[in-house]
1. Between ARG371 and residues 5 or more places away or on another chain, which pairs have amide H atoms under 5 Å apart, with H built 1.01 Å from N, and which residues are they?
2. If you look at just the Cα atoms of the range 11-442, how large are its Rg and its Dmax in Å?
3. Karplus couplings for the range 349-357 from phi (6.51 cos²θ - 1.76 cosθ + 1.60, θ = phi - 60°), rounded to Hz, Gly and Pro as x?
4. Hey, with R₀ at 30 Å, roughly what FRET efficiency would LYS204 and ARG371 work out to, going by the Cβ-Cβ distance, to 0.05?
5. Specify which residue in the list ALA17, THR191, ILE122 is farthest towards the positive end of the charge dipole of the range 11-442, using unit charges on the beta carbon of Lys, Arg (+1) and Asp, Glu (-1), about the Cα centre.
6. Using alpha carbons only, how many angstrom separate the centre of the range 285-363 from the centre of the range 1-65?
7. Can you give the local net charge around SER346? Use residues other than it whose beta-carbon is closer than 14 angstrom to its beta-carbon, Lys and Arg +1, Asp and Glu -1.
8. Work out which trypsin sites (Lys or Arg not before Pro) in the chain are exposed loop sites (DSSP not H, G, I, E or B, at most 15 other Cβ within 10 Å) and give the longest gap free of them.
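Read-outs throughout are calculated quantities, based only on the coordinates presented, and are distinct from any laboratory measurement. Here the structure is a predicted model, which is why all the values come from computation and not from measurement. When we count neighbours, we look across all protein chains shown, and the Cβ atoms used for this are built from the backbone with ideal geometry, even at glycine.
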Amino acid sequence: MSTARENWGSRFGFIMAAAGSAVGIGNIWRFPYTTGTNGGGAFLLIYLAIVIGFGLSVAIAEMLVGRAAQRNPVGAFRALGGGAWPLVGFGGVLTGFVILSFYIVVAGWTLAYIGFMASGSIDTTDPERLSQVFSGFVADPLRPILYSGVFMALTAWIVVGGIAKGIERWNKILMPALFVILLVLVLRSVTLDGAAEGLAFFLKPDFGAVTAGTFYAAIAQAFFSLSIGMGTLLTYGSYLSKQEHLPKATLTVAMIDTGVAVLAGLMIMPAVFAFGFDPSAGPGLTFVTLPAVFASMPFGAVFGVLFFTLLAIAALTSAVSILEPMVSYVVDEHRFSRRKTVIVASLICFALGVPASLSFGIWSGFTIGGRTWFDLVDFLANNIMLPLGGLFTALFVGWAWKRAAYELSNEGALKLPWTPVWLFVLRFLAPLGILWIMASALFA
Ligand code: PHE
């Protein structure tokens with residue numbers, strides 16, 4: 001049921017769009033606070049090992065499935081594997097709903113912070129005041145929900161218009177702009193008085209703090225950040241031409257994604273220590289720490305507005321890539337109109353986002369197994385669904401899909417010197433590694 005697929009306009013455009021999916025609030029918001037709550041430098045090292053050790057191979061595998069099948073996640077697994085394999089694609093589609101429901105909440109905060117920065121209402125380096133502003137805002141029963149609705153509407157609007165051209169064009173401008181802003185802020189942050197302590201926390205590994213949970217947090221973060229395991233890479237790969245050197249493109253995207261995460265750490269951690277914030281403060285870290293950096297630099301308000309705007313845009317390019325797989329599935333397989341599908345899917349995600357937002361306020365006392373609704377959906381998506389999606393993708397490409405190695409190289413089977421390594425990772429290292437990490441943390 002595949003329709004003729006639009007292709008990306010250029011290699012650069014594709015790489016920027018895929019990087020636009022990967023680089024999002026996962027890098028700038030979630031990575032620094034996850035590093036902070038998992039011991040700093042040791043987490044960073046384990047994270048890097050997981051990205052190189054199997055994140056990259058699984059990302060290549062997922063993208064390859066899409067490119068070979070040229071269709072949506074469910075259709076792709078059906079076309080190449082048959083049997084029960086489409087369930088993997090279906091699981092990815094469901095994961096999209098779960099992720100988007102909390103993603104739009106945090107993305108909504110970034111919209112609100114653009115306003116706070118522009119109005120100068122939080123022009124202070126006082127940790128207490130900044131924490132109060134943040135907790136006060138996110139606990140509000142109405143405003144954050146409205147912002148998440150606005151963000152969901154923006155995402156829907158882009159996806160209705162068809163993403164290939166619009167998204168590619170925007171990403172080509174916005175991603176480079178993001179790098180520039182990030183570099184400026186890193187420079188300001190690492191030259192703050194007292195930055196050294198933060199750098200040491202972020203870069204010096206303290207293996208005494210490592211537990212099974214550290215590995216688990218790292219794998220969840222790696223898959224979320226690289227957009228692995230829910231069909232996003234698969235769907236983006238389905239718009240990729242067969243002429244493209246897929247492993248090289250994926251490597252570039254992974255390097256950009258990891259580079260931005262490390263830069264975000266270098267931007268946040270020195271400031272955390274310089275201004276006396278708590279590195280293990282959790283989800284609020286970016287929102288309470290960075291305003292202090294802006295307050296302590298010339299034209300801070302300008303940089304503040306710019307930064308949160310870019311963060312919102314980074315979030316938007318990712319949110320689009322979370323919505324697209326489920327939309328392409330419904331449109332391809334059930335022949336619904338794109339517009340109707342996007343509207344219904346967005347309304348569902350928005351509704352699911354309401355309890356996620358309220359769990360920072362009036363529903364903060366409602367917990368399941370010690371987790372608020374927000375923590376629960378984050379955990380479900382990042383610690384269970386994405387790793388399992390990655391696991392089954394690895395198993396599929398490693399064992400079930402016989403043409404995988406052939407598809408990987410344009411010239412023919414196994415020309416690529418790395419192909420045997422890649423297959424080994426997919427067959428053994430990634431599945432066993434993912435299972436071992438999940439089991440040792442869940443049953444510890
Ligand atoms: N990678 C995105 C981020 O870091 C989130 C994402 C997850 C996007 C899964 C697509 C699929 O913010």
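1. Residues meeting the criterion, in which the H sits 1.01 Å from N, do not exist here.
2. Answer for the range 11-442, Rg first and Dmax second: 20.6, 61 Å.
3. 4, 4, 4, 5, x, 4, x, 4, 5
4. On the way: r = 30 Å, r/R0 = 1.02.
Computed FRET efficiency for LYS204 and ARG371 comes out at 0.50.
5. ALA17
6. Centre-to-centre (Cα) distance: 17 Å.
7. Details: positive: ARG338, ARG339, LYS340; negative: GLU324.
Here the count lands on +2.
8. On the way: sites that count: ARG5, LYS242, ARG335, LYS402, ARG403, LYS415.
In the chain, the maximal stretch lacking such sites is 6-241.
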